[in-house]
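The values are calculated or read from the model by the stated rules, or taken from the named source; none is laboratory data. Just so it is clear, the model here is predicted, and its values are computed rather than measured. FYI the Cβ positions are ideal-geometry reconstructions off the backbone, even for glycines, and counts take in every protein chain you see. These accessible areas exclude ligands, DNA and RNA; they are computed on the full protein's heavy atoms, side chains included. Shrake-Rupley method; radii C 1.70, N 1.55, O 1.52, S 1.80 Å.
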There are 4 protein chains.
Amino acid sequence: MGSTFGTLFRVSTFGESHGGALGGVVEGCPPGLTLDLDAVQAELDRRRPGQSALTTMRGETDTVEVLSGLFEGRTLGTSIGFVVRNHDADPRAYAPFADRYRPSHADFTYDARYGERAWAGGGRASARETVARVAAGAIARQVLASLGPVEVVAWVDTVQDLTSTVDSATVTAAAVDATPVRCPDASAAAAMEARIKQVRSQGDSVGGIVRCVARGVPAGLGDPVFDKLEADLAKAMLSLPAAKGFEVGSGFAGTRMTGLQHNDVFVPDATRGIATATNRSGGIQGGISNGMPIELAVAFKPVATVFHAQDTVDTAGRATTLTPRGRHDPCVLPRAVPMVEAMMCLVLVDHWLRWRGQVGAPPPVPLRG
Amino acid sequence: MGSTFGTLFRVSTFGESHGGALGGVVEGCPPGLTLDLDAVQAELDRRRPGQSALTTMRGETDTVEVLSGLFEGRTLGTSIGFVVRNHDADPRAYAPFADRYRPSHADFTYDARYGERAWAGGGRASARETVARVAAGAIARQVLASLGPVEVVAWVDTVQDLTSTVDSATVTAAAVDATPVRCPDASAAAAMEARIKQVRSQGDSVGGIVRCVARGVPAGLGDPVFDKLEADLAKAMLSLPAAKGFEVGSGFAGTRMTGLQHNDVFVPDATRGIATATNRSGGIQGGISNGMPIELAVAFKPVATVFHAQDTVDTAGRATTLTPRGRHDPCVLPRAVPMVEAMMCLVLVDHWLRWRGQVGAPPPVPLRG
Amino acid sequence: MGSTFGTLFRVSTFGESHGGALGGVVEGCPPGLTLDLDAVQAELDRRRPGQSALTTMRGETDTVEVLSGLFEGRTLGTSIGFVVRNHDADPRAYAPFADRYRPSHADFTYDARYGERAWAGGGRASARETVARVAAGAIARQVLASLGPVEVVAWVDTVQDLTSTVDSATVTAAAVDATPVRCPDASAAAAMEARIKQVRSQGDSVGGIVRCVARGVPAGLGDPVFDKLEADLAKAMLSLPAAKGFEVGSGFAGTRMTGLQHNDVFVPDATRGIATATNRSGGIQGGISNGMPIELAVAFKPVATVFHAQDTVDTAGRATTLTPRGRHDPCVLPRAVPMVEAMMCLVLVDHWLRWRGQVGAPPPVPLRG
Amino acid sequence: MGSTFGTLFRVSTFGESHGGALGGVVEGCPPGLTLDLDAVQAELDRRRPGQSALTTMRGETDTVEVLSGLFEGRTLGTSIGFVVRNHDADPRAYAPFADRYRPSHADFTYDARYGERAWAGGGRASARETVARVAAGAIARQVLASLGPVEVVAWVDTVQDLTSTVDSATVTAAAVDATPVRCPDASAAAAMEARIKQVRSQGDSVGGIVRCVARGVPAGLGDPVFDKLEADLAKAMLSLPAAKGFEVGSGFAGTRMTGLQHNDVFVPDATRGIATATNRSGGIQGGISNGMPIELAVAFKPVATVFHAQDTVDTAGRATTLTPRGRHDPCVLPRAVPMVEAMMCLVLVDHWLRWRGQVGAPPPVPLRG
């Protein structure tokens, strides 16, 4: 059951790192949408390994094939099946891990959970599973565009201790993709790139923070009390490989302010009717979007594969050591950007359809943005 | 739909702050459990307003009445219905907010979402809804205890900039409840209490961070790729009122380490078979518990109700001002402790039953904790 | 989990026959609906025991209390909690069944499923649980009325071998409720009433068939391939106590026709744009409503409680005999009528909201009814 | 959403009759099962067109390719993706139906539901979608076999007015598959085969009834009150193409009996501990299996495609006529047999896992079968 995400707009995914293919089924897509398959492929290309010197050298074209749900280029409203074949699967490098648990990987926990494990490349636990999310998210992004002028942009905010300065109100996908590290602050990007190359040369790895903004989301999305918009976003983001933290709006820093400092006062607004003077709420209040940009951050730990000998145990519980091999990114951040955007799009579309189902026409709030 | 949480162990809740009652339906409870209703009431008492000078003065006994699902003191396995009546509902103080949006509250967004709003006390958006979660969580805690020797303890880690030192390996509920602020570091607790009284006297409010540990959780809980244990925990926590951030294990701080620094190496362990030398993973790897303590943190923003005049708009979009009234906590942290524990218990039980459903007997991993 | 029904419009119910109360939580109700609580009570009154000489003499007012989800008489869009207290619970008559399994009751299977059983009055297996469905269905009926001019009418079609003649195109609720047996064919109703009294006097019981029509349902409801409208209706009806069969449209009789005889040819229609000349499809084709009346039938077995000594076994597996006591209907059919209508309404509203969520505005089919 | 079936054991399917492929994702499969892919293929072969003179001549090998979820031949416990390519798709014969609605097909209702329609071969509404169900059901059958000695056998019980005599206690799959019509009563089978050939020669079609038995199901499966075992079976069967009716146990005929005649008295039983002397309950009481064979029947209408001119309307609502072309079965019954079995297996596995999740070890009922 854990490979399904969403309620009305829903994706079920499959695939291991070194299996035959990855893919999924997207259900609930509104019918009549002219689906741009090149745009879907473009998102996969952003996620693809081997894009730059910063990423793993595994060679995959990650070509998506849509098998159903389209007719004459338009969505039928019925389920969309798609597959992405693995071509460069090479399990040989992973044979030493068949009986030894790599530290901070999911080898041990998959054994504990299932008693079975595809040890090649991490199997289902590999970040390669995100191929299917990114494809589904790219469809979701097109649905979003058909519903309203929504822009979803993520970027690398920090790598280790290197921070950047980015204006969430104006940042563009083009600016993000202008550097291989996907940080739109050029000088920060250069430092980040140097850092990543440095740790790679040391056989080490680094983590960091991705930020994401969704601009143009109308007020009214979210389903309290459990399916609050920030709750579903938190789940979406923490389901990404290597994610360890989530913030919306002021996040942890906001806990240091007083209420009087933190509150976002409402002001009349010429274009959206109502707005808030600040956006510490991150575009969500009480679990529902308020028409301001949705702003969130996701912490990604450093990649667990480091090319040094590490202590561990084997599957019989005996102490041993292990020196990883295989092809790995020294830093997942650049490739996490399209993943974060995909999850944001999936959540927003699902809630938009849920809201439309329950309420139908927009509610009679004169001030809605 | 948004008032339902969980898959196999599931609660559906209802209730507004100033309506007739709060309550819910718990489904999927294992049968044959002798349910300690006093223990359920005790958790509600921990969440109850009016416990100390730090909390709202609303007078409610929050007495839970179980209406079904029990027979001769034991759970039947069928749905458990329960209600908690409101007694001290007093909407009068809220009349000024019927047509004016309180800053950083959910008044505006509920109007945007539904076009209807119970303006008294925040209605469904009030933290009073957590009565139903805490009751359900108290049932979940008893189910957990029947499944294994699991301990779930949360505490107030910070209030604003005031931090504490607490050992997650040994902290007890008794130590947490020993101070009204629910911080088991006595000197920090004293400072926090003073701070909360200070901001209350200023008509202001503060936020902070709650930490939670679950000790004794076996390896193997979690359902990748979307229903990873940390993903469901993140959703659970971000669904709490005023929550703005979530961390598991090393969280945001972990992004500043290298992989070599961050990795938790595996070591043989006399009692649990296998363990990790450190626990930066927070007890979860690849979305599945690894047998080490599950450790997480939740950021709560300062309470939005501050007793100062603030700019805002009315429901017609015109600029106005508003001075809040009503009964409110100056700091939700002490009362958030049982809420965080409740959500932790709900997630753990649900995943435990899901795991048992799919796998049946524990999987043949000799090293499982 | 089994006490929840529906996806977007969803009810979770609780309650045993001789417990404290029955009730539930309705989620997904569109906001802004002026809910007529008298109409909800009226449906419960139709289901209530003790209405006539044909039904059980248990004395219950079945008064519904709505605890949340309403404000100033209108639905808030958030969850609606409701309870119906048991007043005439009297477990004493059931004590002999605490350790003996009544034939064709659920005593044995509840023990097998849960290892626990509320033996008084059947516990959760009692038809008394339908109180909660009927209340939820009465809310659904009002939602339906707000969405379109839909009429849902059920009636008793047969009792044992006694058949009736009823025109589904014109039958009204008033005609149905004009006789205690709820058969709008007056002469058939008289015979049925006599038959029920006769079997009651013999300590025996009878079953029969309820038919139901939903007129005014637009074309387009249903979600192939698994959530076909007829599939969800079949589930809804077979979830009713004592239901053993389901037909939509031509049902089993249709299997005796050839395709040429069976097909419903399409014809232009002045009022609905398109219609079918016959309605063997029962208003549903390929899992989706076609704008014609939805017509279905549900078979109810004879009540299992008969006041004769019957062979059985005790909970230790030893042969014994048992002579039922307690208060029971000799025929569930008259009271099944509001239950069938309730389930029809629940399914139709759920699919209507699902359709609206996915498609939004009605699709551009010029011929839609 | 409508293309997903099941809760813990779940399949999401995709595919149109003349699209690129059919397939699906199976979630929740227990890990460690050695999956016999030949057995999966064998079930698809039973469903495949072109098996005999009784079925459509479309030439498809329906070769299944499993893309994930297996490692070294065993299930991983994570999602199983599979595809079956279409090879003999030939939309040309369907071009006349692009703008004319075939009577009693889903052409009109898909337009009403989605505003889009894959007119070739019925698109998603084609019975060809059952390829994916049958593949998933074949996996479920193997899971069932790993859980207990369960046998699921379906057969053609009637074709039009031609009935058969089959002993549900002993009927075998081999006997069923011994005749092309899949009726294990040889003389009835001969008559049915002759009838089908006769109506085919007349360009007409026939329907009939499939019966199915599941022997060896333990007592205790089912989740009242809404997810009763018979309710989920009814939904499963009514979701099949052309299904119009469902019965469990005594079904509609049982409504003609009195309670005293109908009741299944319990008797001690040497092998199963407890049994019933008769099985009018069809193996299910109160929504839960009782250890007796589960027996059900499904009515299938005559195939809608008949090779005669019929009145209809075009997509603009104008009266016209239509003479079907394309490749169609004159009777779906023989190929419906594996479909019914697949749905039975899917429901049983799902409830088995749900029961195991909630209850864990079998409940302490000494008499369980």
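Only Lys, Arg, Asp and Glu carry charge here, each on its Cβ (+1 for the first two, -1 for the last two); on that basis chain B has a dipole of about 360 debye about its Cα centre.
Heavy atoms only, 1.4 Å probe, whole protein assembly: order D:52, B:201 by accessible area, highest first.
B:201, D:52
Between amide H atoms placed 1.01 Å from N, distances below 5 Å from residue D:284 occur with D:290, all of them 5 or more places distant or on a separate chain.
To the nearest 20 Debye, how big is the dipole of the protein assembly as shown about its Cα centre, given +1 on the beta carbon of each Lys and Arg and -1 on that of each Asp and Glu?
Working: 144 positive and 152 negative charges, 1 e Å.
Taking the Cα centre of the protein assembly as shown as origin, the dipole is about 0 debye.
Residue and whole-Å distance for the chain D Cβ lying nearest the axis of the D-onto-A rotation are D:12, 2.
Specify the angular offset, from 0 to 90 degrees and rounded to the nearest 10, of the alpha carbon long axis of helix A:229-238 from the longest principal axis of the alpha carbons in chain A. Approximately 10 degrees, to the nearest 10. Couplings 3J(HN,Hα) of segment D:300-313, computed from phi: 10, 5, x, 4, 6, 7, 10, 8, 9, 5, 10, 5, 6, 10 Hz, in residue order, whole Hz [Karplus 6.51 cos²θ - 1.76 cosθ + 1.60, θ = phi - 60°; x for Gly and Pro].
In the elastic network of chain C, a GNM with C-alpha springs shorter than 10 Å, the most mobile of C:39, C:140, C:319 is C:319.
Name the residue from D:261, D:163, D:108 whose Cα lies farthest towards the positive end of the charge dipole of chain D, charges +1 on Cβ of Lys and Arg and -1 on Cβ of Asp and Glu. About the Cα centre, the residue reaching furthest to the positive side is D:108.
Comparing D:282, D:245, D:273 in a Gaussian network model of chain D (Cα springs below 10 Å), the most mobile by mean-square fluctuation is D:273. What whole-number distance in Å separates the alpha-carbon centres of segment D:67-143 and segment B:131-162? Each part reduced to its Cα centre gives a spacing of 46 Å.
For chain B, the longest principal axis of the C-alpha atoms and the axis of helix B:130-147 are separated by about 10°. Taking chain A as a Gaussian network of alpha-carbon nodes connected by springs under 10 Å, the highest mean-square fluctuation of the residues A:142, A:202, A:41 belongs to A:202. Considering only B:68, B:190, B:6, the residue lying farthest towards the positive end of the dipole of segment B:4-359 is B:190, judged by Cα position with unit charges set on Cβ.
Over the residues of chain A, the helix contribution to mean residue ellipticity at 222 nm works out to -8500 deg cm²/dmol, using -39500 (n - 2.57) for each DSSP H run of at least 4.
In peptide D:291-302, how many Cβ atoms from other protein chains are near each Cβ within 10 Å, on average?
Per-residue shielding by partner chains comes out at 4.
Taking the charge dipole of segment A:4-359 about its Cα centre, with +1 at Lys and Arg Cβ atoms and -1 at Asp and Glu Cβ atoms, the residue from A:78, A:220, A:89 reaching farthest to the positive side is A:89. Label points for residue B:198 are taken 7 Å from Cα along Cα→Cβ. From this copy to the others they lie 4.0, 8.9, 9.7 nm apart, shortest first.
Over all other residues within a Cβ to Cβ distance under 9 Å of residue D:22, the charged ones net out to -1, with Lys and Arg as +1 and Asp and Glu as -1. For residue C:34 and residue C:98, the difference between the fully extended length at 0.36 nm per residue and the C-alpha to C-alpha distance is 18.5 nm. Here the spin labels are modelled as points 7 Å beyond Cα on the Cα-Cβ line, and at residue D:146 and residue C:272 they lie 4.8 nm apart.
In degrees from 0 to 90, rounded to the nearest 10, what is the angle of the helix C:186-201 Cα long axis to the longest principal axis of chain C? That helix lies at roughly 20 degrees to the long axis. Among the listed pairs C:197/C:244; A:197/A:235; A:235/B:301; C:301/D:235, those whose Cα-Cα separation exceeds 29 Å are A:197/A:235.
Under a 5 Å amide H cut-off, with hydrogens placed 1.01 Å from N, residue A:244 pairs with A:299, A:300, A:301 among residues at least 5 apart or on other chains.
Other residues lying with their Cβ under 11 Å from the Cβ of residue A:165 contribute a combined charge of -3, Lys and Arg counting +1, Asp and Glu -1. Of the whole protein surface, residue B:262 contributes about 0 Å² of accessible area at a 1.4 Å probe radius.
Fully extended, how many nm does the chain gain between residue C:65 and residue C:253 (0.36 nm per residue separation, minus their Cα-Cα distance)?
Taking 0.36 nm per residue and subtracting the Cα distance, the gain is 63.3 nm.
In the assembly of identical copies, residue C:92 has its label point, taken 7 Å from Cα in the direction of the beta carbon, separated from the corresponding points by 4.9, 8.4, 8.5 nm (ascending, one decimal). Each Lys or Arg adds one and each Asp or Glu subtracts one; over the other residues with Cβ under 12 Å from the Cβ of residue D:146, this totals +1. Label-point spacing at residue D:73 relative to the other copies reads 4.9, 5.4, 7.3 nm, in ascending order, each point sitting 7 Å out from Cα along Cα→Cβ.
Give me the distance between the Cα centres of segment A:210-249 and segment B:292-359, rounded to whole Å. Comparing the Cα centres of segment A:210-249 and segment B:292-359, I get a distance of 15 Å. The charge dipole of segment D:1-157, taken about the Cα centre with unit charges on the Cβ atoms of Lys, Arg (+1) and Asp, Glu (-1), comes to about 300 debye, rounded to the nearest 20. Across segment C:76-81, coupling constants 3J(HN,Hα) worked out from phi with the 6.51/-1.76/1.60 Karplus curve, θ = phi - 60°, read 8, x, 9, 5, 9, x Hz, and Gly and Pro carry x. Peptide C:305-312 has a mean of 4 when you count, residue by residue, the C-beta atoms of other protein chains within 10 Å of its C-beta.
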